Amino acid sequence: MGGPGAAGDPVMDRDDADRALARLGAEHEAIETSLLALQDHAGRRLLEGAGLTGTTRSRWAAAEALITLLWTSFEAYTAALREAREVRSRRRWPSREDLAELTRLLSGPAVTLPDSAAAGTADAGLSPDITGPPARPGERLSLEELVGRMNDGYARALDVVVAADAVWSALPARIDLLAAELRRTRSLAHSVGVRPGEHPSGDDLEEITRELTALRAEVVSDPLAFWVPARSGSSAPGGGRPDTGRYDRAARALEEVRREIEAVLAVRQDAEQRLFQLRDVLSRADRTLTEAREARGEVLAKIAASEVPAVSGPATALHEQLAAAADYRRRSQWHRLSPLLDTLEVRAEDELMRARESLTAVTAPLAVRAELRGRLDAYRAKVARHGMAEDPMLTERYDAARRMLWSAPCDLRAAEQAVLRYQRAAAEVLVPRQAGPEDREGDG
C-alpha cells in the first residue's frame, strides 16, 4: 500500500490541487488493489474456515476486525476523494472558494471515522501491536493521515495472514511425509519383532506416533504458535520463519529408530551364517581343550618332575547361550538375537584363544624334549660327517643322552645336561679335525 505525501501550502493553487488529486488517486488504486489481494489471499481464506485455537484464534479475531476497519476506512477515503474530484470538475479554472475547498478536502482533516469503526475496534479487543494508534469515535483525519493508518493496519493484518499461511505451507506436508515414513518403519519393526513393551525402539515408535499426531493437530489449529518472528526487527509482513523444532526432534528420533531397525534386519539376514561361524569357533575351542587334556596325560606319563597346568572343561555357559541364540532365531526374536550374537562372537574368540594358550602351556615340556632330541641328532650327524661316529667317548655320551630322552618318564633337566656334555665332547674332538694343513704345519 502507498505512503502519505507532503501537506502542501495553506491554500493550494490549481497545479497543487491537480498533483494532490493525482497522487491521492494513485494511492486509492494501490489501496484497493492491496485490499482485494488480501481478500483473495489463500491464507486468509484458510483462516476464515479453520477451527482455530490459542494464539492464532485471538490474533485472527483481531486481524478480522482490523480488515473490516480497513474497508470502512477505504470507503471513507473513497467518499472524500470523490467529493474533491467533484469540486475540481466544476470548472476548468477553479475559483478561490473552490481552491479553499480543495485544500480542506485534500490536506485538511476532512475524513471523520464512523463511530461504528471505532466501536468495532474496541469490541474486538485490538491491541496497539495489531492496529497501531487506537481509533476514537468521531476522530477526524486528513487523507494523508488516513493512508498512513491504513498502511500500518494493512501491514499488521497481512503479517497475521502471511505467517499463518507460511506455517501451513511448510509444516503439515512435512509432518505427513514423516508420518508416512513412520508407518513404513513401524511395519518393518513389527516384522523383525520390535514391538512396544518388548523392545525400547518399539516404545520409541509409539511415542513418535503420539507426538506427530499431536503436532499436526496443533499446527493446523494454531499455526501462529509455530511462528518465529525475524530478529532483525523488520516491519515487512511475514518477516520470520516457521518453528520446526518439534518436527526436527521427531525426525531425528525416527532416524535413530530406523537405524536400529536396520541393524536388527541385518541380523536377520546373516543370522544363520553368524551362528554357523560361532558353532565352528566353539567346536575348535572344544577340540583344542580336548587335545590339551590328552597332551597333559601324555606329559605326566612321559616327563618326570615337571609342573603341568590343569586344563579346564568346555565353556558350558557359552554353549547354553549359543542354544538360546538359535532359539531366538527360530522364533524370529531378532531384537534379542542381535546383542546376544555380538557378545557371543567376542566371547567365543576369547575362548578359542584361551584353549590354544592352555594347549601351548601343557605341551611345553614335550616341546623342550623334542628340541633336545633334535639337537642331539644334529650333533650326531655332524660327528658322523667327520668320521668320528665310532669314537668311544662320544658314543658313550650319545647313548647316555639318548636313553634319557627316549625313556619314560624323562627327566628333562638331566637329559639337557647329558646333551650339553655330548655337545662339548663333540666340539673338543672336532676342533683339531677342522683345522687346515697350514695350521698343523705352523703348529709343528
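When you check Ala164 against the structure, is it more than 38 Å from the chain's Cα centre (by Cα) and at pLDDT 90 or above, yes or no? Walk me through how you get there before you give the answer.
Details: more than 38 Å from the chain's Cα centre (by Cα): no; at pLDDT 90 or above: yes.
So Ala164 fails the test.
Pairs, please: C-beta under 6 Å, at least 6 apart or cross-chain, first residue modelled with pLDDT under 80 and in the range 133-151, second among the charged types (D, E, K, R)?
Pro137/Asp115
Are there any pairs with C-beta distances below 7 angstrom linking a residue in the range 363-389 that is closer than 19 Å to Val308 by Cα to a residue that is small (Gly, Ala, Ser) and in a loop (DSSP other than H, G, I, E, B), with the two at least 6 apart or on different chains, and if so which?
Final answer for the pair search is Pro365/Ser306.
Scan Glu351, Glu345, Glu256, Glu307 and give me the residue that is assigned to a helix (DSSP H, G or I), out of contact with any Gly (no Cβ under 6 Å at 6 or more places or on another chain) and farther than 30 Å from Thr185 by Cα. Steps first, please.
Values: Glu345 fails: farther than 30 Å from Thr185 by Cα; Glu256 fails: farther than 30 Å from Thr185 by Cα; Glu307 fails: assigned to a helix (DSSP H, G or I).
Answer to the selection: Glu351.
Of everything in the range 393-427, what is of a type in the set (S, T, N, Q) and either assigned to a loop (DSSP other than H, G, I, E, B) or touching a residue at least 24 places away in the same chain (Cβ under 8 Å) (or both)? Give them in sequence order. Give the derivation first.
Let us first name the residues in the range 393-427 that are of a type in the set (S, T, N, Q), namely 395, 407, 417, 423.
Passing the criteria: Ser407, Gln423.
Yes or no: Gly202 outside any helix (DSSP H, G or I), of a type in the set (Gly, Ala, Ser), in contact (Cβ under 8 Å) with a residue 12 or more places away in the chain and under 30 Å from Asp342 (Cβ atoms)?
Numbers: outside any helix (DSSP H, G or I): no; of a type in the set (Gly, Ala, Ser): yes; in contact (Cβ under 8 Å) with a residue 12 or more places away in the chain: yes; under 30 Å from Asp342 (Cβ atoms): yes.
No.
The values are calculated or read from the model by the stated rules, or taken from the named source; none is laboratory data. Not measured: the values here are computed from a predicted model. Note that we place each Cβ from the backbone using ideal geometry, even for glycine, and neighbour counts take in every protein chain shown.
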